[in-house]
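Notes follow once the structure below has been shown.
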Amino acid sequence: MTESKGRGEDIMKKEVRVSTDCIFEVSALAKLVGIANNFSSTLSFEMDNKIVNVKSIMGIMGFGLDLGKEVSIYAEGDDEAEAISAMEEFLTK
């Protein structure tokens, strides 16, 4: 796992490996989006050259999160560190 500024100096990035199997449940994906929407920062995931807004349920459902995949989490805003931490916790619990 790495943590750095990326895509511009104001965007925080962290890479994680998906290790939770609840990502296959629509209710869990809705919970992920709900958690993301608790933060004012913009949040996105990048995987396999695809980028998605984590605050979009339709985007997350079509994104194709999969167990064992490497995902980059990007956040920009006042609470970006907390937002990335919450996303990492969800994807790796």
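Scanning the range 15-28 for residues that are within 18 Å of Ser85 (Cβ to Cβ) and open to solvent by 30 Å² or more (accessible area, probe 1.4 Å) returns Glu15, Arg17, Ser19.
Answer yes or no as to whether Leu43 is within 18 Å of Val16 (Cβ to Cβ) and at pLDDT below 95. Break it down stepwise before answering.
Numbers: within 18 Å of Val16 (Cβ to Cβ): yes; at pLDDT below 95: no.
Judged against the criteria, Leu43 is not a match.
Considering only residues in the range 66-85 that are out of contact with any Ser or Thr (no Cβ under 9 Å at 6 or more places or on another chain) and assigned to a loop (DSSP other than H, G, I, E, B), the one that is nearest to Cys22 (Cα to Cα) turns out to be Asp66. When the range 54-73 is filtered for residues that are in contact with a helix residue (DSSP H, G or I) (Cβ under 8 Å, 6 or more places away or on another chain) and either open to solvent by 20 Å² or more (accessible area, probe 1.4 Å) or under 18 Å from Asn37 (Cα atoms) (or both), the ones remaining, listed by number, are Val54, Lys55, Ser56, Ile57, Ile60, Met61, Asp66, Leu67, Ile73.
Residues of the range 29-47 that are assigned to a helix (DSSP H, G or I), open to solvent by less than 30 Å² (accessible area, probe 1.4 Å) and over 14 Å from Ala86 (Cβ atoms): Leu29 alone.
Pairing residues of the range 50-77 that are among the aromatic types (Phe, Trp, Tyr) with residues that are open to solvent by 20 Å² or more (accessible area, probe 1.4 Å), at Cβ distances under 6 Å and at least 6 apart in sequence or on separate chains, gives Tyr74/Ile11; Tyr74/Lys13.
The values are calculated or read from the model by the stated rules, or taken from the named source; none is laboratory data. Only a predicted model underlies this, so the values are computations on that prediction, with no experimental measurement involved. Quick reminder, even Gly has a Cβ in these numbers, built from the backbone with ideal geometry, and neighbours come from all protein chains shown. Note: accessible area is taken over every heavy atom of the protein model, side chains too, but ligands, DNA and RNA are not part of it. Shrake-Rupley method; radii C 1.70, N 1.55, O 1.52, S 1.80 Å.
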